[in-house]
1. Leaving out same-chain residues fewer than 8 places away, which lysines sit with a Cα under 29 Å from that of residue A:258?
2. Using θ = phi - 60° and the Karplus curve 6.51 cos²θ - 1.76 cosθ + 1.60, what whole-Hz ³J(HN,Hα) does each residue of segment B:3-13 get, with Gly and Pro shown as x?
3. Compute a Gaussian network model of chain A, connecting alpha carbons closer than 10 Å, and tell me which residue from A:246, A:93, A:141 fluctuates the most.
4. Give the order of B:128, B:225 when sorted by the count of other beta carbons within 10 angstrom, beginning with the fewest.
5. Find how many whole Å separate the alpha carbon centroid of segment B:276-311 from the alpha carbon centroid of segment A:61-133.
6. Taking beta carbons within 10 Å but only from partner chains, what does the mean come to for residues B:42-50?
7. According to a simple spin-label model (label point 7 Å from Cα along Cα-to-Cβ), what is the distance in nm between residue A:50 and residue A:251?
8. 5 Å is the cut-off here: which amide hydrogens, built 1.01 Å from N in the peptide plane, fall below it relative to residue B:57, excluding neighbours closer than 5 in sequence?
Amino acid sequence: MNIAVCVKQIPDPAVPGELNPETSALKREGKLILDDSDSYGVEMALQLVTAAGGGEVTLVSMAPNNETSGLRTALAMGAAKAVLVSDDTLAGSDALSTAKILAKSVERVGDIDLVLTATESTDGYTGTIPAQIAEALGWPSLTFAKSVAIADGKVKIQRQTEAGFDDVEAPLPAVVSVTAGVVEPRYPSFKGIMEAKKKPVDEVTAGDLGFNPDQVGWAGSHQEIVEVRAAPAREAGEKIEDDGESHARIVTFLEGLKII
Amino acid sequence: MRFAFTEDQIALRDATRDLLAKECPPKAVRAQWEGEEPGPSSAWRALAEMGVLGVLAPESLGGLGLSELDLVLVLEETGYFALPEPIVEHAAVAVPLLNDLTTALTGTEIISATAPNSDLAPGATLAHSFVVGDENGLALVERGQVEIGLCESVDQTRSLGRIKWDSKSGQRLDDPRGKGQARGLVGISSQLVGLTRRMLDMTVEYVIERQQFGVPVGSFQAVKHHLADARIALEFARPLVYRAAWSLATDDPDYEVHASMAKAMASDAALLAGRKALQCHGAIGYSFEYDLHLFMKRAWALASTWGDARSHRSRLAQVIL
């Protein structure tokens, strides 16, 4: 069982992010870290490979400045190797271009049975890339998995829904997006951390994957940032004078939030 | 000569910091203080799984075969988060002296140690065995071989115990040139540096948030000066602690002197930071419900154990004069 995990290296969320005033894109010049939401996919992949009794986990990532800090964290957790696509022409790539590049990277690794992704990144939130990768590869797409199991050449997931979950299955190879909390990510061991820097990272450019500069980055983007506005301030809550029936209003309110 | 930590050493520190931020928040320390969670914390088990307990153990015994310089930043983080278990006594004092580490590296066996010239050991309710000392050197004694008298400590997470042992019992440990004790001193000093950083961080955060006369109290010069004094003490202590770790790692003949310098400066820095933190917090700093006391009382306890600043300065004076 060989699994590719798409991981994003993002600016540390603990540090307030900044937008480039010219492009309105997020600044990514500094050190990047592994997106926390991707650690679930890495852990899931490691567990599936162990359960299968063989195979390895390969990381696939696209990042500026040949950044590998986040990849090293996932390699320290136990992934065997990584493919990093890094190239100045990629700056400004929209979700679809990114998905095409990640799909080509998966093909470059070869002999992959399953691709795991998070449902969305912590700094981008488009949530469209998993399905786009599946389409680019021509593989089934299974999304919002809260559990994943492999058996008889098929992947079976429990797909999180608002009401509960659906059982969904597809033949391998397939692309599965996993929700945060699907498994508890392990802490990288000291031994893993020291071995991680010796693990191979295949650094490639968009050109190496067969893309022309006009197909990626700002040039190849079909999306455009038209305007950036500050988030609206939180509105004051609703005050209810208790007339003896306010409990019913609270129940209705919680039902509206799908909490009960 | 390179005067900076390596990428690996920084990575090990960061991994420890990330783990403790999740597993050892003040709430977990408080739970130990109030006796709500008997037994080792989830942080202890996670640190053992990560390999922290075996940093100084040889690879042939399942450890990482690293040096005191690789451990010093890790122990500093355990101070920053006020880890309740006796990790210095276990990982820095006991582990490098033992030949069988089967249960010590997995953390299922917790080993505490008494400080030099003392019969007090922390983690007395948790520890399965103790490293103790007498005029003939160090020995490992099992819990069943000793009498333990639990004592009050200013820091209730420490479960301090008075260990009475028979010098004929236990297993004698080979501790050439008192390295075990020097490792303990440097380990406690690095925890004091971590505690100093923590109290300073908490106080800086507080004085930025707390407003008086329409401005943050941190904008007043008198408050700034207190915090600058604590920061200076921290920055003077830190290099001495790192140097002492380097001396141990490289077998510098003066490692005992350097360990004393580290403990004297780190104790002073932590006590000063505690005083300044308490003053800058105002009345809330005194309250049991506020987290500052968890770190301040640990600092008080560690500053006075393994020899206080005054005793280490006397030791230095004897060497120098």
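No value in this document is a laboratory result; all are computed from the given coordinates. Just so it is clear, the structure is predicted and the values come from calculations on it, not from any experiment. Glycine also receives a Cβ, built like all others from the backbone with ideal geometry; neighbour counts cover every protein chain displayed.
1. A:146, A:156, A:239, B:22
2. Coupling constants for segment B:3-13: 9, 9, 6, 7, 4, 5, 4, 5, 5, 5, 4 Hz.
3. Between A:246, A:93, A:141, it is A:246 that shows the largest mean-square fluctuation.
4. On the way: B:128 14, B:225 11.
Going from least to most buried by this count: B:225, B:128.
5. Comparing the Cα centres of segment A:61-133 and segment B:276-311, I get a distance of 47 Å.
6. On the way: counts 0, 0, 0, 0, 2, 2, 0, 3, 8.
For peptide B:42-50, the averaged partner shielding equals 2.
7. With each label placed 7 Å out from Cα toward Cβ, I get 4.6 nm.
8. B:64, B:65, B:66
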